[in-house]
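Heads up: the structure comes next, in structure tokens.
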Amino acid sequence: MLLGRKQLLIGGEWRDASDGQTMPVVNPATEEVIAHVAAATRADLDDAVRAARAALSGPWGKMSARERGRLVWKLGERLMEQVDEVARLETLHNGKPITESRHVEIPMAAECLQYFAGWADKVQGDTIPVKGNALVYTLREPLGVVAAIVPWNFPLLLAVWKVAPALAMGNTVILKPASQTPLTALALGQLAIDVGFPPGVLQIITGSGGSVGQAIVEHPGIDKVAFTGDTSTGKGIMRTAAETLKHITLELGGKSPNIVFADADLDAAVRGASVGIFYGKGEVCAAGSRLLVDKAIKDQFLTKLADRTKKMVPGDPLDPKTRLGAISSKAQLERVLNYVDIAKKEGGTLLAGGSRADIGTGKGYFMQPTVFGDITPTMTIAREEIFGPVLAAIDFMDVDEAIARANDSIYGLAAGIWTRDIKKAHYVASKLQAGTVWVNTYNVYDTAAPFGGYKQSGFGREMSKYAVDYYTQVKTVWVDLA
Ligand code: NAD
């Protein structure tokens, strides 16, 4: 066994689940079990909630905003000092190329911590002119205990998008990573201890979504659930959270359109379509999984894209040259292959890929990057989120049809526009129902820019100054001066 047995972080201490149960963690590139993590029980969760509340009324609640900010900053700094080790863990449990973990995801997580560290002492209330003789002012206060429930595709980054603003605003956090990818959340917990966070401020609870995830959402001692994951899970969380009227933010699925107009720089657009769907093996909520391409250039464009795609081969995720890693789990690979079968049966034309891949080891959940042409808007792969390296190309006749087809989805997470016409770019951007629109680029993010969904892609915003609002509440104080 590579990494051994991992425990829960509760009240500043590492410990086994109360009933001793564990869950295996599998490296999707080798199919080997690399660790066993504790499967937390409700009793463990109760202990974590108690410790989180004690921290709020104890050292954490009493700490000045500036001191809090310093600790969050230090956590980001320490994360960057350990970037090689944490990136390796991210690649081992997720299967993503080490270059993505080492040079993109973990540095972005560290930057996010340091960005929100800066906000800690800059969020303030107002004094409000009211009628009569009274002093009225507002205080921005933390919500209390925040639970962060995150998926397996960017395990540490999506956790930090929640942990960083929550801690900076003075909340305590119980973080539950996905069962497939718990290792980097646990590493973050250790770093928080190392830099001096008081016990109970950041706790890590591992276990399955159906048991401890559900228990978190039901728990009356938790004030907010910040969730990233599947839309159907998000709907369940919303229903369950209604019982205790928790605050919730939901970052859910997507089926994002990447629109290529005939006047675009076609080589740049081919690269953008490729990055849009194949970065992160397509296991990206904002993946440009619907390529909408102008009928006038469709054949030329898809030929170029298919040629480029056929040259992309998956490889060992730990090899720095690898650009396409392993699909995160066996179940996910099977799901993706099933969508390939459905697309073929429904009349899609396979232009590239379409099969499981072998990197020469006979092991691992690898998949060829896949492009389908002749997809119509009603076909299954044009409508359902696949969450894998499968692109559905759909054509359009004019700007209005492009917009209508782009918006013809229950989702509204992101969209891309490729054109040299600046008027068209802004016009289309204004008409798209999506939380993020990229023009002549795709899949770019910055901690200072908000990210979140329209429609069934959820609500709330991560990163940026907007995130601060989702981790604070406003208290109005009236002082009678008459
Ligand atoms: P998932 O919904 O199955 O799981 C996400 C998390 O929720 C995991 O930690 C899981 O254990 C937990 N969970 C599962 N059932 C639960 C329940 N009943 N109560 C509480 N917690 C529960 O999603 P996934 O398969 O891990 O992730 C893929 C999905 O995440 C895709 O739909 C993707 O689009 C979405 N995603 C969205 C964003 C975004 O920012 N909008 C980012 C990344 C991923």
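Quick check: from the Cα gyration tensor, does the stretch 1-90 come out rounded (a/c under 1.5), prolate or oblate?
Working: a/c = 3.89, a/b = 1.32, b/c = 2.94.
It comes out oblate by the Cα gyration axes.
What are the radius of gyration and Dmax of the stretch 43-169, computed over its Cα atoms and given in Å?
Computed over the Cα atoms of the stretch 43-169, radius of gyration and Dmax are 18.2, 64 Å.
Based on alpha-carbon centroids, what's the gap between the stretch 291-333 and the stretch 414-440 in Å, whole number please?
If we compute the Cα centre of each part, the gap is 23 Å.
Could you report the chain's accessible area per residue, 1.4 Å probe, as an integer in Å²?
About 40 Å² of surface per residue is accessible.
For the stretch 399-468, state what percent of all Cα-Cα pairs lands in each successive 10 Å bin, counting from 0 Å until the bin that includes the largest distance.
20, 49, 28, 3
Once all Cα-Cα distances of the stretch 247-350 are split into 10 Å bins that start at 0, what whole-number percent is in each one?
13, 38, 36, 12, 1
Pairing the Cα long axis of helix 155-168 with the longest principal axis of the chain, what angle in degrees results, from 0 to 90 and rounded to the nearest 10?
Taking Cα atoms only, the helix is inclined about 30 degrees.
Note down the relative contact order for the stretch 240-329 as a percent, whole number, built from C-alpha pairs under 8 angstrom at least six residues apart.
On the way: 92 pairs, mean separation 24.9, N = 90.
Relative contact order for the stretch 240-329 comes out at 28 percent.
Would you report the distance distribution of C-alpha pairs in the stretch 332-482 as whole percents per 10 angstrom bin, up to the bin with the largest distance?
9, 28, 30, 19, 7, 3, 2, 1, 0
Can you classify the stretch 427-469 as rounded, prolate or oblate using the Cα gyration tensor, where a ≥ b ≥ c are the square roots of its eigenvalues, rounded means a/c under 1.5, and otherwise it's prolate if a/b beats b/c and oblate if not? The partial results should precede the final answer.
Values: a/c = 2.18, a/b = 1.29, b/c = 1.69.
Because a/c hits 1.5 or more and a/b fails to exceed b/c, the stretch 427-469 counts as oblate.
With an 8 Å cut-off on Cα pairs and a minimum separation of 6 or more residues, tell me the relative contact order of the chain in percent.
Numbers: 1143 pairs, mean separation 86.3, N = 482.
In percent, rounded to a whole number, it is 18.
So how tilted is helix 106-119 from the main axis of the chain? Cα-based, degrees 0 to 90, rounded to 10.
With rounding to tens, the tilt is 40 degrees.
Label residue 268 and residue 476 with points 7 Å out from Cα along Cα→Cβ: what is the distance between them in nm?
Result for the modelled spin labels: 4.9 nm.
Calculated from DSSP H runs of 4 or more alone, at -39500 (n - 2.57) each and per residue, what is the 222 nm mean residue ellipticity of the chain, nearest 500?
Values: 16 runs with 179 residues, N = 482.
Only helices count here, giving -11500 deg cm²/dmol.
Express the carbon and sulfur contribution to the solvent-accessible surface of the chain as a percent, rounded to the nearest whole number, probe 1.4 angstrom.
Values: 10040 of 19230 Å².
Carbon with sulfur: 52 percent of the solvent-accessible area.
From the mean inverse distance of alpha carbon pairs (Kirkwood) and the Cα radius of gyration, derive Rg over Rh for the chain.
Working: Rg = 23.1 Å, Rh = 23.2 Å.
We get a ratio of 1.00 for the chain.
Give the shape of the stretch 113-262 as rounded, prolate or oblate, defined through the alpha-carbon gyration tensor: a ≥ b ≥ c are the square roots of its eigenvalues, a/c under 1.5 means rounded, and otherwise the shape is prolate if a/b is larger than b/c and oblate if not. Before the final figure, lay out the partial values.
Numbers: a/c = 1.55, a/b = 1.34, b/c = 1.16.
The shape class here is prolate.
Using Cα pairs closer than 8 Å and at least 6 residues apart in sequence, work out the relative contact order for the stretch 371-482, in percent. Could the numbers behind the result be given before it?
Details: 137 pairs, mean separation 20.6, N = 112.
Once divided by the residue count of the stretch 371-482, the mean separation gives 18 percent.
For the stretch 1-16 and the stretch 148-208, what is the separation of their Cα centres, given in Å?
14 Å
The values are calculated or read from the model by the stated rules, or taken from the named source; none is laboratory data. Not measured: the values here are computed from a predicted model. So basically every Cβ, Gly included, is an ideal-geometry build from the backbone, and we count neighbours across all protein chains shown. Only protein heavy atoms, including side chains, enter the accessible area calculation; ligands, DNA and RNA are left aside. Shrake-Rupley method; radii C 1.70, N 1.55, O 1.52, S 1.80 Å.
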